[in-house]
1. Rule-of-thumb check for the range 234-303: C-alpha Rg over 2.2 N^0.38 Å?
2. What Kirkwood Rh does the range 195-241 have if only Cα atoms enter the pairwise 1/r average? Answer in Å.
3. Working out 0.36 nm times the residue gap between Phe249 and Met495, then minus their Cα-Cα distance, what length gain in nm do you get to one decimal?
4. Applying 1/(1 + (r/R0)^6) with R0 = 22 Å to the Cβ-Cβ distance of Asn235 and Lys131, what FRET efficiency is obtained, to the nearest 0.05?
5. Where nothing but the Cβ of Lys and Arg (+1) and of Asp and Glu (-1) is charged, how large is the charge dipole of the range 75-114 around its Cα centre, in debye to the nearest 20?
6. Quick one: net charge around Ser313, please, counting Lys, Arg +1 and Asp, Glu -1 for every other residue with C-beta under 10 Å from its C-beta.
7. Hey, quick one: spin label on Asn321, modelled 7 Å out along Cα-Cβ, who in the range 262-301 has an amide N within reach, i.e. under 15 Å?
8. If I model a spin label as a point 7 Å beyond the Cα along the Cα-Cβ vector, how far apart are those points for Trp199 and Arg150 in nm?
Amino acid sequence: MAFECQKSTEVSKSLAICVEKSNSNTEHLEISESSLDCYPKKGILSSLSSKQLSCNDVLLNCRRSITDLPPALISEILSCLDPQELGIVSCVSRVLNSLATENSVWKEVYSERWGLPIVPAPLGAGVSNEKSWKELFVEREYRSKIFLSRYSIDTLHGHTEAVRTVSVLASAKLIFTSGYDMIVRMWDMEDGLYIASSWPLGCTIRAVAADTKLLVAGGTDGFIQGWRAVEGLKNLFDLKGSEVPNTEFRIWEHEGPITSLALDPTRIYSGSWDMTVRIWDRSSLKCIKILRHGDWVWSLVPHDTTVASTSGSDVYVWDTNCGTLLTVIHSAHVGNTYSLARSHTGDFIFTGGEDGAMHMFEITGPKPEANVFKVATWMPHSGPVYSLAFEFPWLVSASSDGRLSLVDVRKLLRTNRRSLRKNVSRFTDMDRNNIEPPQRMLHGFGPNLFAVDIGADRIVCGGEEGVVRIWNFSQALERERTVRAMRGIRLENRMRRRKLQIEMSSKGGRTDQCSVAAKKNPMHVDRSGVWPNKHGMRGKLKA
């Protein structure tokens with residue numbers, strides 16, 4: 001509002017006259033300064049002189065709001081807001097509440113943070129259709145805060161040599177591990193029990209990747225060993241190949257050890273020390289693209305139509321459709337860049353290197369002109385960072401110093417969604433100077449942790465000891481839910497007592513019972529201000 005009206009009664013009279021005039025087909029009304037006496041706010045220079053205003057314009061301006069816009073346009077505006085802002089808007093009115101809680105808006109917000117499940121489902125894998133996307137977002141956001149709480153550790157024994165790779169398939173509650181003993185093992189994520197293992201594959205397995213349809217493992221002999229999921233099988237994969245035939249396959253084309261693997265719904269990605277990244281079609285198992293690098297490939301992460309890879313000390317970003325190089329981050333680390341992770345939007349890349357540092361980069365701009373900005377740097381380790389894993393908002397690293405670090409990047413990723421398409425960085429120098437250190441370090445284990453992964457409410461790692469460890473935060477989740485429920489009950493009881501007090505005070509001006517009792521039984525105190533003493537009174541009685 002540009003003006004503060006001091007005589008609201010006269011304004012309402014003017015509007016009433018306007019309505020009467022409009023009913024009698026009168027087009028305009030003379031509103032003078034005497035009938036509408038308004039004073040401008042501080043800093044606004046104007047005063048109302050006599051103006052010729054349309055009656056319809058006056059009424060429409062009084063009633064106009066954002067809810068008068070088409071619902072599709074309002075939904076488009078709301079799609080630019082952050083989750084917290086959407087929650088505030090939903091409290092304004094019923095119309096905005098219904099539009100701010102639409103599944104399409106919250107589905108987009110959910111997918112930006114955690115991505116959509118690979119298996120097509122209305123709301124998500126393993127989730128009831130009765131829940132909306134907003135409820136799923138709130139539950140997942142609440143679950144992401146438990147990694148600073150208490151935990152228990154499950155130790156999985158079975159490997160006879162060092163564990164080089166771990167993979168968590170949270171939707172199926174399975175863990176896959178392998179290493180120098182040449183065997184791929186499958187574990188139950190809930191109980192930490194051994195389920196099955198493959199035959200010895202003949203060489204060290206340095207990479208494993210899995211989804212609900214396919215499991216692949218890469219060996220130092222240059223082959224990719226794969227297992228297709230068996231329909232109706234409880235644990236998805238028949239690693240021995242004894243129950244269902246023709247579910248196992250092997251691909252040969254790499255000329256060096258395979259160091260990294262990744263899957264998407266239509267392709268298989270493999271990186272090797274032969275300085276190439278190969279892209280395979282999942283149905284035909286044929287190589288459709290070869291991306292050549294200048295040094296050994298250590299890690300890769302695909303996203304949509306791009307794939308990021310590390311080679312030597314550099315980081316590459318490729319277009320997988322045409323095989324062209326989009327951008328290169330030269331000398332990201334001092335020494336080799338061993339590990340790589342990526343946000344679900346693909347805009348942020350996390351790297352870990354031989355120098356013990358972790359970097360966060362932002363990719364902006366369209367594909368042909370992509371720009372890269374360094375956002376943050378952490379130095380939590382005293383040795384090389386061999387593995388990284390990311391699940392919003394936690395970046396987890398494993399190092400040769402035998403420690404895990406947990407970094408909350410929520411504040412760094414909490415940016416305005418309106419600027420996603422701009423060719424500029426969303427961070428200022430002040431933001432980069434206020435980077436928080438890792439929120440948690442997990443200690444007390446042997447040296448050389450080679451692999452780490454995060455899924456649901458668990459962190460899994462493996463290393464030189466040949467032992468797989470699971471940090472289980474599910475008990476903390478249950479405890480937090482109980483505390484949250486008790487807090488809600490206490491708040492409800494407090495509101496009920498408050499309501500009863502208001503009802504009692506509103507009945508005929510009744511006074512407080514305590515004040516009434518105080519008036520009936522006044523306390524007699526000595527004027528000197530000394531309270532009566534029981535022992536003193538006994539002395540007086542004896543006297």
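The values are calculated or read from the model by the stated rules, or taken from the named source; none is laboratory data. All values reported here derive from a predicted model rather than from experimental measurement. Backbone-built Cβ (ideal geometry, glycine too); neighbour counts: all protein chains shown. Keep in mind that these areas ignore ligands, DNA and RNA; they rest on the heavy atoms of the full protein, side chains included. Shrake-Rupley method; radii C 1.70, N 1.55, O 1.52, S 1.80 Å.
1. Scaled against compact globular proteins, the figure is 1.25.
2. 11.3 Å is the Kirkwood radius here.
3. 82.2 nm
4. So the FRET efficiency works out to roughly 0.25.
5. Taking the Cα centre of the range 75-114 as origin, the dipole is about 160 debye.
6. Combined, the nearby Lys, Arg, Asp and Glu give -4.
7. Label zone hits: none.
8. With each label placed 7 Å out from Cα toward Cβ, I get 4.8 nm.
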